[in-house]
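Dumping the structure here so I can ask a few things about it.
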Amino acid sequence: MLYKAFFKRRIMNSSRLEKLCGAFGVSSAERAAAEIFKESVSPFCSEIQCDRLGSVFAVKKSRHKDAKTLMIASPLDEVGMMISEVKEDGTLAFIQLESVAPSSLLHQRVRILTRDNTCVDGVITMDKKALEDKCEVGSADDLSIRCGLSPEELKKTVHPGDLVGYGNNFCENHGIVMSKALFPRVLNEVTIELLERIQDMEFDFHIAAGCIAQSVIGYRGTKTATYVIRPDAAIALTGYDTAGKKLSLGDGVTVGYYDRQMLPSRRFLGSFVEETGAKAYFGMTGNDGSFIHKTLKGTPAVSAGIPVDNMGSAGEICNLKDADALTDALVQYLQSLDSGKIAAFGFGDEND
């Protein structure tokens, strides 16, 4: 299959990836990550388009009069929490913004984004006696955050509603990367490198490639971004969880054949698989494509991505060769498309 040939070289900018992963980007506070993306893609696009939730897209305009628009989207935000109470004993109670196993939170380093836009470091802890009595973490209510500040200092600095993200922990070893926020930031890096690779290429369709805010918390930015871009077709970049699936790091480009929220456009899926040789993925978890395809008049969409271990945790893992393969596959696939093919992915007046 074609994606295996892509593994012969490695081109990913791991230093920029580290910068992206290290940026604070919990849902609704993705500005730092968005700024890195905007700065990186500005030289390679015609314009930058944003929605009012914080999604950001680089648009490469075609000179063709009747050009269609292809959207390439990845999530921008990361798994996080929110402070719910500043306690009298100098600890912080919190709620989870996404579904994360509470046991995976214990002893994790975190960063709290305060209202004056500064970060306070902390650690998620549990009372020793309570842990010994329960022998397990039952829920986030069993946990608290300690920052080492006195109760008085804490009340002046941290307030209910402040957002909490994992502490920076990027590590690379022989092309295997471990980090918080690796999914989705590795996909943001794929998008940057894609735009860099195609900057001198001419297409008869517009390309809008970027990142969707508030995606991992119910795909909230997916609809707003789609209304701004108004694509004729879309590729949703995603990570595919290796847990319990016949999928491993190093399997390369993967494409979703089914999930409980989207059946991909059959014509689009067939075209993508034929051109890239992507590995099939069958799962229940949705992605941005699950909502893009239901927006506007209906937007033909496919999801494509790479395998990711420990998704949703403070230590997600991926193989940079997979990310390189995805970049190469997207470059190759774009060169096989034209506005006529994009129009044919859907139904409606043009295809009656």
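All of the numbers you see were taken from the coordinates with simple rules; none came from a lab. Keep in mind it's a predicted model, so treat the numbers as computed, not measured. Cβ: placed from backbone, ideal geometry, glycine included. Neighbour counts: every protein chain shown.
How large is ³J(HN,Hα), in whole Hz, for each residue of the stretch 273-281 in order, when computed from phi with the Karplus curve 6.51 cos²θ - 1.76 cosθ + 1.60 and θ = phi - 60°, using x for Gly and Pro?
For the stretch 273-281, the Karplus-derived couplings read 5, 4, 7, 10, x, 5, 6, 6, 10 Hz, x marking Gly and Pro.
Follow-up question, since we're still on this one. Among 157, 82, 103, pick out the residue whose Cα is farthest towards the positive end of the charge dipole of the stretch 81-166, where Lys and Arg carry +1 and Asp and Glu carry -1 on C-beta, about the Cα centre.
With unit charges placed on the Cβ atoms, the residue in question is 157.
Here is a further query. Extension gain residue 230-residue 336, at 0.36 nm per residue separation less the Cα-Cα distance, in nm? Numbers along the way, then the final one.
Numbers: separation 106, 0.36 × 106 = 38.16 nm, distance 2.17 nm.
So the extension gain works out to 36.0 nm.
Which one, 67, 208, 284, projects farthest toward the positive side of the charge dipole computed for the chain from Cβ point charges (K/R +1, D/E -1)?
Working it through, the farthest residue towards the positive pole turns out to be 67.
Which pairs break 21 Å Cα to Cα here: 38/294; 68/297; 19/155?
In this structure, 38/294; 19/155 exceed 21 Å between Cα atoms.
Helix 320-336 versus the longest principal axis of the chain: what angle, 0 to 90°, nearest 10, using Cα atoms?
Helix 320-336 sits at roughly 30 degrees to that axis.
What ranking of 77, 141, 328 emerges when the number of other C-beta atoms within 10 Å of each C-beta is taken as an exposure proxy, fewest first? Provide the component values of the computation, followed by the final result.
Details: 77 30, 141 12, 328 25.
So the residues, fewest neighbours to most, are 141, 328, 77.
Per 0.36 nm of contour for each residue apart, how much would the distance between residue 106 and residue 15 grow if the chain were fully extended, relative to their Cα-Cα spacing? Mind showing how you got there, number by number?
Details: separation 91, 0.36 × 91 = 32.76 nm, distance 2.88 nm.
This chain segment gains 29.9 nm when fully extended.
Sticking with this structure for a sec: So for the chain, considering every pair of alpha-carbon atoms, how many percent are separated by more than 31 Å?
Above the 31 Å cut-off, the chain has 34 percent of its Cα pairs.
Still on this structure, I have one more. Given H placed 1.01 Å from N in the peptide plane, which residues other than close sequence neighbours of residue 279 have an amide H under 5 Å from its amide H?
Here the answer is 253, 254, 255, since their amide H atoms fall under 5 Å of that of residue 279.
For residue 167, list long-range residues whose amide hydrogen, built 1.01 Å from N in the peptide plane, is under 5 Å from its own amide hydrogen.
Sorted by chain and number, the residues that satisfy this are 109, 110, 111.
In sequence order, what are the phi-derived ³J(HN,Hα) couplings for the stretch 76-85 according to the Karplus relation 6.51 cos²θ - 1.76 cosθ + 1.60 with θ = phi - 60°, rounded to whole Hz, with x for glycine and proline?
Each residue of the stretch 76-85 in turn: 10, 7, 10, 4, x, 9, 9, 5, 10, 7 Hz.
Give the aspartates and glutamates whose C-alpha is closer than 16 Å to that of residue 223, dropping any in the same chain fewer than 8 places away, or say none.
Partners found: 51, 77, 232, 288.
Kindly express, to the nearest 10 degrees and within the range 0 to 90, the angle between helix 220-229's C-alpha long axis and the longest C-alpha principal axis of the chain.
It works out to around 30 degrees.
Given R₀ = 56 Å, what would the calculated FRET efficiency be for residue 274 paired with residue 127, taking r from the Cβ atoms and rounding to 0.05? Please list the in-between numbers first.
Details: r = 57 Å, r/R0 = 1.03.
In this case the efficiency is close to 0.45.
Follow-up question, since we're still on this one. Find how much the distance from residue 347 to residue 261 grows on full extension, using 0.36 nm per residue of separation minus their present alpha carbon separation; answer in nm with one decimal.
Details: separation 86, 0.36 × 86 = 30.96 nm, distance 1.95 nm.
Extra length from residue 347 to residue 261 when fully extended: 29.0 nm.
By count of other Cβ within 10 Å, fewest leading, how are 333, 257 ordered?
Fewest-to-most Cβ neighbours within 10 Å comes out as 257, 333.
If you don't mind, there's one more thing I want to ask. Per Stokes-Einstein, at 4 °C and 1.567 mPa s, what whole-number D in µm² s⁻¹ belongs to the stretch 81-166, with the Kirkwood radius over Cα pairs as the hydrodynamic radius?
Details: Rh = 12.9 Å.
Estimated via Stokes-Einstein, D reaches 100 µm²/s.
Treating cross-link reach as a plain straight distance, find the aspartates and glutamates whose alpha-carbon is under 16 Å from the alpha-carbon of residue 87, omitting any fewer than eight places away in the same chain.
Within the straight-line cut-off, residue 87 pairs with 127, 141, 142, 152, 153, 162.
How large is ³J(HN,Hα) for each residue in the stretch 172-189, as worked out from phi by the Karplus curve 6.51 cos²θ - 1.76 cosθ + 1.60 (θ = phi - 60°), to whole Hz, x for Gly and Pro?
So the Karplus estimates, Gly and Pro as x, are 10, 9, 6, x, 9, 10, 10, 5, 6, 6, 5, 9, x, 5, 5, 6, 4, 5 Hz.
For the chain, set up a GNM with springs between Cα atoms under 10 Å and report which of 198, 292, 11 has the largest fluctuation.
Greatest mean-square fluctuation among the candidates belongs to 11.
Along the Cα→Cβ direction, 7 angstrom out, place labels at residue 85 and residue 48. What is the inter-label distance in nm?
Spacing of the two 7 Å Cα→Cβ label points: 4.1 nm.
If each residue's Cβ is checked for other Cβ atoms within 10 Å, how do 254, 69, 114 rank with the fewest at the top?
Details: 254 24, 69 20, 114 16.
Fewest-to-most ranking of 254, 69, 114: 114, 69, 254.
By the gyration tensor of its Cα atoms, with a ≥ b ≥ c the square roots of the eigenvalues, what is the shape of the stretch 151-212: rounded for a/c under 1.5, prolate for a/b over b/c, or oblate? The partial results should precede the final answer.
Details: a/c = 4.83, a/b = 1.98, b/c = 2.45.
Oblate, because a/c is 1.5 or more while a/b does not exceed b/c.
Which cross-chain or sequence-distant (5 or more) residues have an amide H under 5 Å from the amide H of residue 206, H modelled 1.01 Å from N in plane?
Close amide H contacts, sequence-distant or interchain: 62, 68, 69, 70.
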